[in-house]
Each structure stands twice: as structure tokens, then as C-alpha cells.
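I have placed the structure first, in the form of C-alpha cells, so that the comments after it can refer back to it.
The values are calculated or read from the model by the stated rules, or taken from the named source; none is laboratory data. All figures in this text were calculated on a predicted structure; none of them were measured in a lab. A quick note on method: Cβ atoms are made from the backbone with ideal geometry, for glycine too, and the neighbour counts reach across all protein chains shown.
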């Protein structure tokens, strides 16, 4: 029996306060590689006084080689603690937390906050290894009903609004102000938001940010390769070349057309109006006819069929 299996067996058989055990992280997602640790979350009874000392003495089988991760906490009662167990084949990352952490999270209203989205994806997709009373199954069922099955209602509208706002700001920084680093930062965020929109519109929670733009994750989207190509194009585009910057927005428009439906939410791709309306106004206001010529090659909002 491997050390990992021995640790899990010890937790299920010899630690009465353990209520459930789940597999999280890249091993659950199918994105693991030789550098990945195995993320195991151990849910304990709420009255169990969790501490690093308890975790290393009572939660591990005899002889397990472990390294405590320092996360700025002293050895006092906490909602969770994390330890690394060095096994014969891998690093076993044990996160030990109270079940009330999951209960409190489930009681939250869905939000666009990045940490909420990442936690929601983790909690709803974690693989159950031990759940004798069904506590994980109950919470996962509620979260799927409350937040996952309804992402079209609560996630898509604010995501689209944030995308539109970032789009306009990026055009100002890249086309009008030619702020190289500011534009590249905003454009990168724009690609991230577009990927999230693609997943959400497909009815799937966006993956964690560190995997969001991975080519092996993006293959699940209709034009995932287009998003990867956008990143490559962005990295070699300079704001000193206006035609190249507009070329990025034209390529972005093509990916938008492939990923986003033409329903009411995206009617006209209204954010493209920054070229056809706002910059046109600014060209007249500032006496810069060159802006008018520049925007002739810019993406246009869609017209009604």
C-alpha cells in the first residue's frame, strides 16, 4: 500500500472527527503532471480543535514523513491548516478544515469575485473519497442547484459588463494613449474575461485562473485555439504601431464571434461602439482626423439580422 493510500485509510478508520475526504486540484481536474502534488481535503467535525500540532500527530499514520507549510499562522485554533506529506511517490498536500467552512460558503450569494468562483469550482467538482453521512453530497447538490445550474442568470451579465468596461479602457490605453504596458495588462485581462465568458455561456464554471488559458483546458471551447493565438499576438504587438493594435482587436472580434452567442445579452457586441461612437466623437472634439481614418478598419458592432 502506498503512503498516500495509508494516510487516507488512517484518516477514515482511526480519526473519528473526520467527516469526509475529497480529492481536489489538478489530479481531480485531469491536468496533473510530474510536478503536481495530490490535494486532499479533510473535512472535520466543527468541534474538533484543528491545529498544526494535531494534524501532524493525530491525522497521520505512524512513520509518515511530513513537512509543515508555513502560512503565517501560529499553533492555535483555525478554520483550516495545511501540511505536506512526503510519500514514496508524490507530495500529498493535506488541507484539514471544519465542515462549517463549506456550510458557510454554501450560504453565500453567488458573486463575480475571483476567489468565490475558484472556491465554487473546487467545492462543486471535488471528487468524494469518503462521505459516510453524505455531508459533501448534500452541499454539492445545493451548490449545483443554487449557483452552477443558474450561472446564465447571475454570472453572464456581470461578466459581460466587466468585459465591456475592460474593452473600452484597453482601447483608450492602446489606441488613444499608446500606453504600452497598461494596454498589454488590460488586453491580457480582456482575454481572460473572454475565456470565462466562453465557459460560462457553455454552462460550465470557469477553471481556476492558473489553468484558465492553458491550451489543454481551452480545447473545450469552440475557438479555444483562437484565444491562445490572441495571447501570442498580444505579446508581439506594440502600441507604436496603430495598425497592429487594431489587428489585435480584429482578431479579438473573430474569437468573440466564435465564442459568444448572438442572443440579447450580446446583441451588437455593444462594447465595439468605443470605435464607432466614442473615438469618432473624440476625433471631432480634439481635431484629430487621423483617428477617423484609423477606426475605419476597427471592429464594428453587429447589426440586427
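Can you name every residue in region 11-32 that is surrounded by 15 or more Cβ atoms within 10 Å (Cβ to Cβ) and part of a loop (DSSP other than H, G, I, E, B)?
Result: 15, 17, 31, 32.
I'd like to check something: does region 280-293 contain any residue that is at positive phi, exposed (fewer than 11 other Cβ atoms within 10 Å of the Cβ) and either in the same structural domain as residue 180 (by TED's automatic domain parsing) or without any contact (Cβ under 8 Å) to a residue 24 or more places away in the chain (or both)? Give the derivation first.
Pass one, region 280-293, residues at positive phi: 287.
With exposed (fewer than 11 other Cβ atoms within 10 Å of the Cβ) added as a condition, the list becomes 287.
In the following step, the residues that additionally are either in the same structural domain as residue 180 (by TED's automatic domain parsing) or without any contact (Cβ under 8 Å) to a residue 24 or more places away in the chain (or both) were identified as 287.
Yes: region 280-293 contains one or more residues that are at positive phi, exposed (fewer than 11 other Cβ atoms within 10 Å of the Cβ) and either in the same structural domain as residue 180 (by TED's automatic domain parsing) or without any contact (Cβ under 8 Å) to a residue 24 or more places away in the chain (or both).
Residues 237, 262: which one is modelled with pLDDT of 95 or more and not in a helix (DSSP H, G or I)?
237
Could you tell me how many of the residues in region 70-86 are touching a helix residue (DSSP H, G or I) at 6+ places or on another chain (Cβ under 7 Å), modelled with pLDDT of 85 or more and farther than 19 Å from residue 19 by Cβ?
Result for region 70-86: 1.
Could you tell me whether region 44-61 includes any residue that is touching a residue at least 60 places away in the same chain (Cβ under 8 Å) and in a strand (DSSP E or B)?
So in region 44-61, the residues touching a residue at least 60 places away in the same chain (Cβ under 8 Å) come out as none.
Looking for residues that are touching a residue at least 60 places away in the same chain (Cβ under 8 Å) and in a strand (DSSP E or B), one finds none in region 44-61, hence no.
If a residue counts only when it is farther than 30 Å from residue 280 by Cα, which helices (runs of 4 or more DSSP H) contained entirely in region 144-234 have at least 3 such residues?
Qualifying helices (runs of 4 or more DSSP H): 151-154, 180-201, 209-212, 215-218.
Does at least one position in region 53-69 carry a residue that is assigned by TED's automatic domain parsing to the domain that holds residue 127, under 30 Å from residue 207 (Cβ atoms), more than 25 Å from the chain's Cα centre (by Cα) and at pLDDT 90 or above?
no
Given the conditions (1) in contact with a helix residue (DSSP H, G or I) (Cβ under 9 Å, 6 or more places away or on another chain); (2) touching a residue at least 12 places away in the same chain (Cβ under 8 Å); (3) under 30 Å from residue 272 (Cβ atoms), and given that residue 99 satisfies all but one, which numbered condition is not satisfied?
All conditions pass for residue 99, except number (3).
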